[in-house]
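What follows is a set of notes on a single structure, which appears directly below.
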Amino acid sequence: MPLHGSPRRHPRVAWIYNAAMPATPTLDDLRRHAVARTLFKPTTLLTAIRRLGFVQADPIRAPARAQDLTLRHRVKDYRAGDLERRYTRLPVEEDCLVNYGFLPREHLALMHPRVSRRAWDAETQRRAEDVLAFVRERGSVHPREVEQAFAHGRVTNYWGGTSNASTHLLDGMHYRGLLRVQRRDSGTRIYAVADHAEADASEQAQIERAAALIDLVVRKYAPLPSASLTYLVRLLGYGAPHLAEQTRQALKLAKQQLASCTLDGTTWYWPADENPRSRRYAPDEQVRLLAPFDPVVWDRRRFELLWGWIYKFEAYTPAPKRQYGYYALPVLWHDQVVGWANLSVRDGELASSVGYAGKSLARDKVFRGALEDELQRMAEFL
């Protein structure tokens, strides 16, 4: 019998140690992880939304809305507008998380009843109660019906202009969980009365909800630099302003529980059950034109760390000051974001203009073929 601790036992001990303590990922590993973990094999619309956890929405159509541009890579045979067309048949809601968008209905209980940072005065509260009774009686309403019934006038909006006061009130009622978006009519929200269960108000339950929200955004946007994780948790103040203190506490715990590494002075975090070095995250050969808010490119801090250049969303930048274009779509090839593309539809044909962050790939036959395939997929999607 060999003595305890003899050389014959060492390989087993080393194997256990390596399994528990995988090698530190490199930046290349994190880049592949960032791309492949969210660009999963196309699936059903509901499954894709649940896997993403949240799909950011934007009204600009250039050449399609951001939510459609995000989902087309992840939903089999997806076409522009499918989410809006199928919304009423899906357990999905328009609501707020870190931004406005679409969430699986089961996530709403983490944030509702939502308590806004900005309390209504007595007059606004009275108007909201009147409108709520009106919507309950009608079943669903177009904002135009509310304006005709109540004539609330106009208010100064977020951008400094004026907007319909009834629309402004409906937005506030939706945000506070009094109303839900039942469907869209030519892009306009049609509202119905919402029904949110009362939440457990105990401190422990609130911390658990805050932790679940952090898990949701980490699984959407990982791997994340530490500063980006902190920023995302601050943005949760949009979806759950009443859990601000609890999210701060939950963030401290999350940083202890998430997997992490430090590269060149930056600490990165990702879900503990994922291994960025896994071969499952190998890049494929496709070119993909990504939405400006696609989870691969959403975090501009991470973007610069992973790809070495600064990408900007310039739809609201004055035209003379734009560097990339009105609605530049990042161009992903393998695991590299190599440039950007601006697309438009002219006389029924898709037109494209591509720019490059580094060396031009316009004469690279492999890239050009993959880009043409992607433009064909885009045309079919539109």
Out of all the residues in the stretch 191-207, is one or more within 19 Å of Pro59 (Cβ to Cβ) and in contact (Cβ under 8 Å) with a residue 12 or more places away in the chain? yes
If you go through the stretch 329-352 one residue at a time, do you hit one that is assigned to a helix (DSSP H, G or I), free of Cβ contacts under 8 Å to residues at least 12 places away in the same chain and surrounded by fewer than 17 Cβ atoms within 10 Å (Cβ to Cβ)? no
Flag for Tyr221 being crowded, with 20+ Cβ neighbours inside 10 Å, touching a residue at least 12 places away in the same chain (Cβ under 8 Å) and under 20 Å from the mean Cα position of the chain (by Cα): yes
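Let's see how each residue does on (1) out of contact with any strand residue (DSSP E or B) (no Cβ under 6 Å at 6 or more places or on another chain); (2) of a type outside the set (Asp, Glu); (3) within 30 Å of Arg346 (Cα to Cα):
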{"site": "Arg72", "(1), (2), (3)": "yes, yes, yes"}
{"site": "Val75", "(1), (2), (3)": "yes, yes, yes"}
{"site": "Arg79", "(1), (2), (3)": "yes, yes, yes"}
{"site": "Arg86", "(1), (2), (3)": "yes, yes, yes"}
{"site": "Arg89", "(1), (2), (3)": "yes, yes, no"}
{"site": "Glu94", "(1), (2), (3)": "no, no, no"}
{"site": "Glu106", "(1), (2), (3)": "yes, no, no"}
{"site": "Ala109", "(1), (2), (3)": "yes, yes, no"}
Please specify each residue of the stretch 69-95 satisfying the condition of being without any contact (Cβ under 8 Å) to a residue 40 or more places away in the chain and crowded, with 19+ Cβ neighbours inside 10 Å. Leu71, Arg74, Val75, Leu83
Out of curiosity, is Tyr316 assigned to a loop (DSSP other than H, G, I, E, B), of a type outside the set (S, T, N, Q) and under 30 Å from Asp264 (Cβ atoms)? no
Got at least one residue in the stretch 360-380 being exposed (fewer than 12 other Cβ atoms within 10 Å of the Cβ) and not in a helix (DSSP H, G or I)? yes
Which residue is nearest to Arg31 (Cα to Cα), if the candidates are limited to the stretch 243-259 and must be in contact with a helix residue (DSSP H, G or I) (Cβ under 9 Å, 6 or more places away or on another chain) and buried (at least 17 other Cβ atoms within 10 Å of the Cβ)? Leu258
Counting only residues that are more than 30 Å from Glu145 (Cβ to Cβ) and of a type in the set (Gly, Ala, Ser), give me the helices (runs of 4 or more DSSP H) lying completely in the stretch 156-253 with at least 2 of them. 203-221, 226-239
Looking at Leu232, Leu178, Leu213, Leu236 in this structure, which one is modelled with pLDDT of 95 or more, surrounded by 20 or more Cβ atoms within 10 Å (Cβ to Cβ) and more than 20 Å from the chain's Cα centre (by Cα)? Leu178
Over the stretch 111-134, the set of residues in a loop (DSSP other than H, G, I, E, B) and either touching a strand residue (DSSP E or B) at 6+ places or on another chain (Cβ under 6 Å) or touching a residue at least 60 places away in the same chain (Cβ under 8 Å) (or both) is Met111, His112, Pro113, Arg114, Val115, Ser116, Arg117
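The values are calculated or read from the model by the stated rules, or taken from the named source; none is laboratory data. Remember, it's a predicted structure, so these values are computed and weren't measured experimentally. Because the Cβ atoms are built from the backbone with ideal geometry, glycine has one as well, and the counts that use them run over all protein chains shown.
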